[in-house]
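Visitor: Just dropping this structure here.
The values are calculated or read from the model by the stated rules, or taken from the named source; none is laboratory data. Small disclaimer: the values here were computed from a predicted structure and weren't measured. Please note: Cβ atoms are built from the backbone with ideal geometry, for glycine as well, and neighbour counts cover all protein chains shown. For the accessible areas, the whole protein counts, side chains as well, though only heavy atoms, and no ligand, DNA or RNA atoms are used. Shrake-Rupley method; radii C 1.70, N 1.55, O 1.52, S 1.80 Å.
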Amino acid sequence: MKRIYIIILVLVVIILVAGAGVYWYAFLRPHKNILKTEPAYVISSTQLLSHFSDDEKAASEKYAGEIIEVSGEIVDVKKGNNQTAVILEDLFSGISVFLDSSYVVNNREAVNALEAEQDITIRGQCDGILTDVIISRAVIIQ
């Protein structure tokens, strides 16, 4: 009878350790530092937009989930709800770049200096396209 209790206790401990490992991997692992991560692609905003408009599926397969570095002209800067978005190329169907919130807090002067018709280079994670190409967790390179 004691042997069954020991086996059950060992199984419970194994399940708890495995569950804790899955939880850590899914929720607590640190994010990639975008500034220190080498981009998979360096591209201009016009080229990126044309890749998505020419063949959305192929562009999504190529860029989605990848760290990319994009250069282009700012059309608009939107600030609000603790989020800063920079729109490149076209106001209605361009590239929406959402700056990383910790980057914004640590680089407030650079973010406040952003304005329309300014050239910029950003690095972030491409999330694909909705009406705009979406780049999240972005940081300003230049």
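Visitor: Would you tell me the accessible area of residue 127, worked out with a 1.4 angstrom probe on the heavy atoms of the protein chains, in Å² to the nearest 10?
Guide: Roll a 1.4 Å probe over it and residue 127 shows about 80 Å².
Visitor: Dividing the convex hull volume of the alpha carbon atoms of the chain by its residue count, what do you get in Å³ per residue?
Guide: Hull volume over Cα atoms, normalised by residue count, gives 157 Å³.
Visitor: Loop sites only, by DSSP: take the GluC sites (Glu not before Pro) in the chain that have at most 16 other C-beta atoms within 10 Å and name the longest stretch containing none of them.
Guide: 1-65
Visitor: Given a 10 angstrom Cα cut-off, can you work out which residue in 104, 70, 22 is the most mobile in a GNM of the chain?
Guide: Highest fluctuation among the options: 22.
Visitor: How much length is gained on full extension from residue 113 to residue 36, taking 0.36 nm per residue of separation minus their Cα-Cα distance?
Guide: Result: 25.4 nm gained on full extension.
Visitor: Right, another one. Residue by residue, what Karplus-based ³J(HN,Hα) values in Hz, rounded to whole numbers, does the stretch 135-142 have, using 6.51, -1.76 and 1.60 with θ = phi - 60° and x for Gly and Pro?
Guide: Karplus-based 3J(HN,Hα) across the stretch 135-142 equals 10, 10, 6, 7, 10, 8, 9, 8 Hz.
Visitor: Give me the net charge for the shell around residue 135: Cβ to Cβ below 13 angstrom, other residues only, Lys and Arg +1, Asp and Glu -1.
Guide: Around residue 135, the surrounding residues sum to -4.
Visitor: Using the Karplus equation 6.51 cos²θ - 1.76 cosθ + 1.60 (θ = phi - 60°), what ³J(HN,Hα) coupling, rounded to whole Hz, does each residue of the stretch 22-34 give in order, writing x for Gly and Pro?
Guide: Per-residue couplings from phi come out as 5, 4, 4, 4, 7, 10, 10, 5, x, 6, 5, 7, 4 Hz.
Visitor: Quick check for you: with a 1.4 Å probe and neighbouring chains kept, what is the accessible area per residue of the stretch 32-134, in Å²?
Guide: Averaged over the residues of the stretch 32-134, the accessible area is 57 Å².
Visitor: Is it possible to state the helix-based mean residue ellipticity at 222 nm for the chain, with each DSSP H run of 4+ residues giving -39500 (n - 2.57), the sum divided by total residues, to the nearest 500 deg cm²/dmol? What is it?
Guide: -10500 deg cm²/dmol
Visitor: What are the ³J(HN,Hα) values, in whole Hz, obtained from phi via the Karplus relation 6.51 cos²θ - 1.76 cosθ + 1.60 with θ = phi - 60°, for each residue of the stretch 84-92 in sequence order, with x given for Gly and Pro?
Guide: 10, 10, 10, 9, 10, 6, 9, 5, 9
Visitor: If R₀ is 35 angstrom, what is the calculated FRET efficiency for the pair residue 56 and residue 76, using the beta carbon separation as r and rounding to 0.05?
Guide: My answer for the efficiency is 0.90.
Visitor: On full extension of the chain, what length is gained from residue 106 through residue 8, given 0.36 nm per residue of separation minus the C-alpha to C-alpha distance?
Guide: Value of the extension gain: 30.2 nm.
Visitor: Taking the Cβ of residue 30 as the centre, find all other residues whose Cβ is under 14 Å away and add up their charges (Lys, Arg: +1; Asp, Glu: -1).
Guide: Computed value for this residue: +3.
Visitor: Out of the total accessible area of the chain (probe 1.4 Å, heavy atoms of protein only), what percent is carbon and sulfur?
Guide: That fraction is 57 percent.
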